[in-house]
Amino acid sequence: MSKKKLIKKPIFLLGLLFISTVVFLPIYYLIVTTFKTPAEAAANPLGLPTSLNFSNYINALEAMNYLQALKNNLIITVVAVVFLVFFASMAAYVIARSKKKIFRVMYSIFLVGLIIPFQIAIVPLYQIISGLHLMNTHMGVILVSVFCINLPLSIFLLRGFINTVPIELEEAAFMDGCGTFRCFWVIIFPLLKPIISTVVILNTLAIWNDFLTPLLFLQSPEKQVLLQEVYKNVGPFATNWTAFFPMLVMSTLPLVIFYIFMQKRVIEGVVAGSVKG
Amino acid sequence: MYNKQRERVFMLMILPAFIGFMILFIAPTAMSFFYSLTNWSVYNSTLEFVGLENFKLLFQDKKTVAAITNTIKYALLITIFQNVIAILLAVFLNKKTAGMNFVKSLVFLPAVLSILVVGFLFQYIMTSADYGLLNNIIQFFGGEPVNWLGNPKIALYSVLATQVWQWAGWSMVIYIANLKSIDSSLYEAADIDGAGPIRKFFSVTLPLLYPAVSFNILMSLIGGMKVFDVIFAMTKGGPGYATETIMTTMIREGFNSGRNAYASALAVVFFIAVFILSRIVITFLNRWERKIS
């Protein structure tokens, strides 16, 4: 037995090393390349840069309109996630607590969105968003992200959780004269914290990284998000890829930082989202 | 507790979500079905019913048919590869060794990056130009360089590999959570019966992973059907139409070429394909569930 362990351990470590290398090598390459000149990168693609040269980042910042795009990303993501939490939690509460048939029907209509990919709707959606005069506005992208793309899953997760919250609490509050609406916000909503954090994490990842919706609904340069800035710069930097890589880094950096600090939460959130689903 | 007053408040609480969903999801979905039977395009001022004309055109267009087959092929393959690799990773990494949480977090990391960024990064890694990292590595070990994205026979698989790299960690954490819930006494019993590690995997682990397997399979299948960003970044549908997918065709026809009715017909085909494929997979999963229970 002890002999077996001795043999197993190096193989196991080798396996770990292999997995880590396969996963991390492209990311490592992305990062080290941002500090190199094209000649240096071609001569020694995987070596460490000879000096910590930030000129690629400075050039990228100038070409990219970074702060404006970052601000746009933040506005869209934060407002959309707040909307999702607000509207989905109320709807899920009603679905979980009422036995009325009309709410059952509404719930099954929401569930359609879990099965049908929203992409089926995009061509007519374009018409609807222009009809509402929301084309080229952040509100347009926010509404599409919330109601067309991410609402059903959020309602589904929240409903499952509210079902596990005992109803007695509300009944007691109700007897004391607390209205339904207040009762929800004061008593139930604070109890939903674990599932709200899952909903926030899953939606933040999805909305921040969404490229298709801004691509279709935001045309004017000052409204665009980070991924559009990256996309816009592919052509001009086709030959100078060391200048292009910092843009890739900078467009995902905010989420990577978010992940580094919240790893456990993010992974728990993904698991919670799948176990309930 | 269930009085009229309360129901009225309930209605007010659910209506914002419901109305928004009806206007921005149900209505445009229904419109897609409607438009697929018309001649709607930016070049037509009058809307007329043309029956199944768009569908006929669609199936006569080699490029579109290739897009549909590519999408189905891609979705099936990513489902298989992503899940096989994720299960192996989960079994391998589900140990209480020091530093294991770090490795798990690392394997999950690519899922945080945007698909577009991963696509651009790998476009440079897989390029056949001199600076292509992958070919440099292959040549370093004495192999022949491969034209990963320029060869129509392998371009789709190259794109697929990047997405397996990106999403295997996401599926893995779901499998690990499921593994944790498996009672260890089952493994002890298998040990007593003299089962080896492979036997244990197929007789104990895999059947008990059923909940995670069925969830992950459906997610990767539907996710694979929607593939768009990575194609957009890496190949733009080329070379030729080797990596053209339903979504890239739909965006091109619906937005760039203004053939809205044609794009709507493709959306309907997309819906039918997702529906049929997921039905088939669910049937298989159910059969498997009955066999193991």
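Relative intensity of chain B on a log10 scale, I(q)/I(0) at q = 0.11, 0.14 Å⁻¹, equals -0.87, -1.14, per a Debye sum over C-alpha point scatterers of equal strength in the absence of solvent. The lysines within cross-link reach of residue A:99, meaning a Cα-to-Cα straight distance under 23 Å and a gap of 8 or more places when in the same chain, are A:276, B:4. Given a cut-off of 31 Å, name the pairs among A:193/A:223; A:101/B:56; B:73/B:104; A:223/B:226; A:232/B:226 whose C-alpha atoms lie farther apart than that in the structure shown. Pairs exceeding 31 Å: A:193/A:223; A:101/B:56. Candidate cross-link partners of residue B:200 among the aspartates and glutamates, defined by an alpha-carbon separation under 15 Å and a same-chain spacing of 8 or more, comprise B:183, B:188, B:191. Of B:260, B:136, B:94, the residue with the greatest mean-square motion in the GNM of chain B, using alpha carbon springs below 10 Å, is B:136. Computed on the Cα atoms alone, the convex hull of segment B:33-74 gives a volume of 86 cubic angstrom per residue. Stokes-Einstein D for the protein assembly as shown at 4 °C, 1.567 mPa s, Kirkwood Rh over Cα pairs, in µm²/s? After rounding, the answer is 50 µm²/s. Taking the longest Cα principal axis of chain A as reference, the axis of helix A:66-97 is set at about 30 degrees.
Projecting the Cα atoms of B:163, B:182, A:22 onto the charge dipole of the protein assembly as shown, computed from C-beta unit charges around the Cα centre, puts B:182 farthest toward the positive end. For chain A, take the longest principal axis of its alpha carbons; what is the angle in degrees between that and the long axis of helix A:241-276, to the nearest 10 within 0 to 90? Rounded to the nearest ten degrees, it is 40. Volume per residue for segment B:1-47 equals 104 cubic angstrom (convex hull of Cα atoms). Note on segment B:18-109: Rg/Rh from C-alpha atoms, Kirkwood Rh, equals 1.27.
Across segment A:127-138, computed HN-Hα scalar couplings (Karplus, 6.51 cos²θ - 1.76 cosθ + 1.60, θ = phi - 60°) run 5, 5, 5, 5, x, 8, 6, 10, 5, 6, 10, 5 Hz from first to last residue, x flagging Gly and Pro. Here the mean projected area of the convex hull built on the C-alpha positions of segment A:36-170 is 14.3 nm². Entry note, chain A: relative contact order of 30 percent, from Cα contacts under 8 Å with a spacing of 6+ residues.
Multiply the residue gap between residue B:273 and residue B:146 by 0.36 nm, knock off their C-alpha separation, and tell me the result in nm, one decimal place.
Values: separation 127, 0.36 × 127 = 45.72 nm, distance 3.29 nm.
Fully extending the segment from residue B:273 to residue B:146 adds 42.4 nm.
Screening chain B for whole DSSP H helices of 24 Å or more along their axis (Cα) with average Kyte-Doolittle hydropathy at least 1.0 returns B:62-93, B:260-292. Here the Karplus curve 6.51 cos²θ - 1.76 cosθ + 1.60, taken at θ = phi - 60°, turns the phi angles of segment A:215-222 into couplings of 4, 7, 10, 10, 9, 6, x, 6 Hz, with x standing for Gly and Pro. In this structure, the amide hydrogen of residue B:38, modeled 1.01 Å from its nitrogen in the peptide plane, lies closer than 5 angstrom to those of B:50, counting only residues at least 5 positions away or on a different chain.
Highest mobility in the GNM of chain B, judged by mean-square fluctuation with C-alpha springs under 10 Å and restricted to B:231, B:174, B:198, is found for B:198. The rule of thumb for compact globular proteins, 2.2 N^0.38 Å, goes into the C-alpha radius of gyration of segment B:89-148 1.53 times. Here is the tail figure for chain A: Cα pairs spaced more than 25 Å apart come to 60 percent of all pairs. Dipole check for segment B:190-293: with +1 at the C-beta of Lys and Arg, -1 at the C-beta of Asp and Glu, and the Cα centre as origin, the magnitude is about 180 Debye.
Think of each Lys and Arg Cβ as +1 and each Asp and Glu Cβ as -1; about the Cα centre, that makes the dipole of chain A roughly 1100 debye.
Over the residues of chain A, the helix contribution to mean residue ellipticity at 222 nm works out to -23500 deg cm²/dmol, using -39500 (n - 2.57) for each DSSP H run of at least 4. On a 0 to 90 degree scale, rounded to 10, what angle separates helix A:2-33 from the longest Cα axis of chain A? In chain A, helix A:2-33 runs at an angle near 80 degrees to the longest axis.
Rule-based calculations on the coordinates, nothing more; no lab input. If you're wondering where the values come from, they're calculated on a predicted model, not measured in any experiment. Counting neighbours? That spans all protein chains shown, and the Cβs are built from the backbone with ideal geometry, glycine included.
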